[in-house]
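Undergrad: I'd like to ask some things about the structure below.
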Amino acid sequence: MTARRVRAGLRGWGGVGAMATACALALTFALLLTCTAATSRTGAGATSPAAQTLPHPAEEAAEECAEPEKQTLPPSSADGPTIDAIKNRRGEKRKLIVGIDQNSYGWGYRDPNSGESGTLEGFDIDLVHRIAEDILGDADAVQFKAIPTDQRIPAIQDGRVDMVVRTMTINCARVRDVAFSAPYFRTGQQVLAPKSSPVEGYDETLAERRICTATGSTAYAQLEADRKAGRLPATADIRTTVPNQLDCLVRLQLGEVDAVVTDGALAAGQAAQDPTVQLKGEAFTTEYYGVAMKKDADDLVRRVNRILVDFRADTGDGWQASYRKWLSATMGQDPARSEPPAPEYLRRN
């Protein structure tokens, strides 16, 4: 509170007494500031090390975010407190706990032909098994938790999962809340609509069309920003949001929306599930998927980055083999369009 604000609040008191009170309050406030500053100093004006708050490398980089996919820590095979805690779980609980999707065809979904419960399969699931094998020595030492799109970050922050491997785009907003691995897949936002639809892509044909996105997705954030900036028709209706991306396909099939905007990698899988819809136009963004973990889980981030280096280099049973198995039928035979560039890392501590 400043002396000016105090005087304004005392109008109507009248007389010298009110002004004296205001001055006394202002003086007290100034003295408090001086005392607070003094307690944070030692010696001849030197700042006490105990009073300093040194930023984490990822937090420091996030302050000026331009290339979020490069804001990750260098690879390491060393254990640390986070990995130790995972390894020290007892009995049946000694598993890697991972948030995944169970409805994204080719990524994380249940095979209806593999029994009553259905086996989880897909590109993301392959990566999870790879991580579990490296950390725990057992590819099946995983507890899968199906997480809705808008619960991915809360699940990490609350400690419900060790990580999320769920077609999660690395972006500037998210690197302030969670830590990401290096990118493991490249994609971009794209439009999905019925083949018979006049919608042609991410352009003026979306005017007066109802568009569906997943709550908390990068697609919705992009639509909102583009409409404000005039890159999306002002009459495009973006109010329909759903907990899981597959729900958008259902809305499209029911005629409740006219188009879906989502990652092209996911949209291709949805088009494969429903031959009456197709991708319209080219991708209008470039995005990268990463494994998301807690902000302070440095050892786990470094370990996952080490695993990703090996996963991509493994020509027999690694990245390309998983792409061919799960994604080539919907995204094309050439994996080069989807493989991210060589990773870049933050400076070492």
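Undergrad: Quick check: net charge around ARG303, other residues with Cβ under 10 Å of its Cβ, Lys/Arg +1 and Asp/Glu -1? All intermediate terms of the calculation are to be shown ahead of the outcome.
TA: On the way: positive: ARG302, ARG306; negative: ASP79, ASP134, ASP298, ASP299.
So the surrounding residues net to -2.
Undergrad: Would you work out which of GLY99, PRO81, GLY118 lies farthest towards the positive end of the dipole of the range 65-154, given +1 charges on the beta-carbon of Lys and Arg and -1 on that of Asp and Glu, about the Cα centre?
TA: PRO81
Undergrad: Which listed residue (SER181, ALA207, VAL191) has the Cα farthest towards the positive end of the charge dipole for the range 174-231, taking +1 on Lys and Arg C-beta and -1 on Asp and Glu C-beta about the Cα centre?
TA: The Cα lying farthest towards the positive end belongs to SER181.
Undergrad: Going by average Cβ neighbours within 10 Å, how do the peptides 94-107, 311-324 rank, with the highest at the top? Each step should come with its number before you reach the end.
TA: Numbers: 94-107: 22.3, 311-324: 15.3.
Those peptides, ordered most packed to least, come out 94-107, 311-324.
Undergrad: May I ask for the net charge around GLU339, where only other residues with Cβ less than 11 Å from the Cβ of GLU339 are counted and Lys, Arg are +1 while Asp, Glu are -1?
TA: Working: positive: ARG186, ARG312, ARG337; negative: ASP334.
Net of charged neighbours comes to +2.
Undergrad: Would you tally the net charge around TYR288, using a Cβ to Cβ cut-off of less than 9 Å, leaving TYR288 out, and scoring K and R as +1, D and E as -1? Provide the component values of the computation, followed by the final result.
TA: Details: positive: ARG186; negative: GLU69, GLU287.
Around TYR288, the charge tally is -1.
Undergrad: Please list 3J(HN,Hα) in residue order for the range 256-268, calculated via the Karplus relation 6.51 cos²θ - 1.76 cosθ + 1.60 where θ = phi - 60°; whole Hz, with x for glycine and proline.
TA: Using θ = phi - 60°, the values come out as 7, 9, 9, 7, 10, 10, 7, 4, x, 5, 6, 4, 5 Hz.
Undergrad: Between ARG89 and LEU254, how many nm apart are label points set 7 Å from Cα along the C-beta direction?
TA: For the pair ARG89/LEU254, the computed spacing is 3.5 nm.
Undergrad: Of all the accessible heavy-atom surface of the range 208-349, with the other protein chains kept in place and a 1.4 Å probe, what percent is carbon and sulfur? Spell out each step's value before the answer.
TA: Working: 3080 of 6650 Å².
The C+S portion of the solvent-accessible surface of the range 208-349 is 46 percent.
Undergrad: Right, something else. Given +1 on the Cβ of Lys and Arg, -1 on the Cβ of Asp and Glu, and no further charges, what dipole in debye does the range 269-349 carry about its Cα centre, rounded to the nearest 20?
TA: Details: 12 positive and 12 negative charges, 49 e Å.
Taking the Cα centre of the range 269-349 as origin, the dipole is about 240 debye.
Undergrad: Skip the ligands, DNA and RNA, and give the accessible area per residue of the range 291-349 with a 1.4 Å probe, whole Å².
TA: On the way: 3030 Å² over 59 residues.
With all protein chains present, the range 291-349 gives 51 Å² per residue.
Undergrad: Where the only charges are on Cβ atoms (+1 Lys, Arg; -1 Asp, Glu), what is the dipole of the range 211-349 about its Cα centre, to the nearest 20 debye? Spell out each step's value before the answer.
TA: Values: 17 positive and 19 negative charges, 77 e Å.
Its charge dipole is roughly 380 debye.
Undergrad: Taking a quarter of the surface of the convex hull around the Cα atoms of the range 167-228, what do you get in nm²? Don't skip to the answer; put the middle values down first.
TA: Working: hull surface 22.1 nm².
With every direction weighted equally, the projected area is 5.5 nm².
The values are calculated or read from the model by the stated rules, or taken from the named source; none is laboratory data. Everything numeric in this text was worked out from a predicted model, so none of it was measured. Ideal geometry is used to build each Cβ from the backbone, glycine not excepted, and the neighbour counts take in all protein chains shown. The area values use the complete protein model at the heavy-atom level, side chains included, leaving out ligands, DNA and RNA. Shrake-Rupley method; radii C 1.70, N 1.55, O 1.52, S 1.80 Å.
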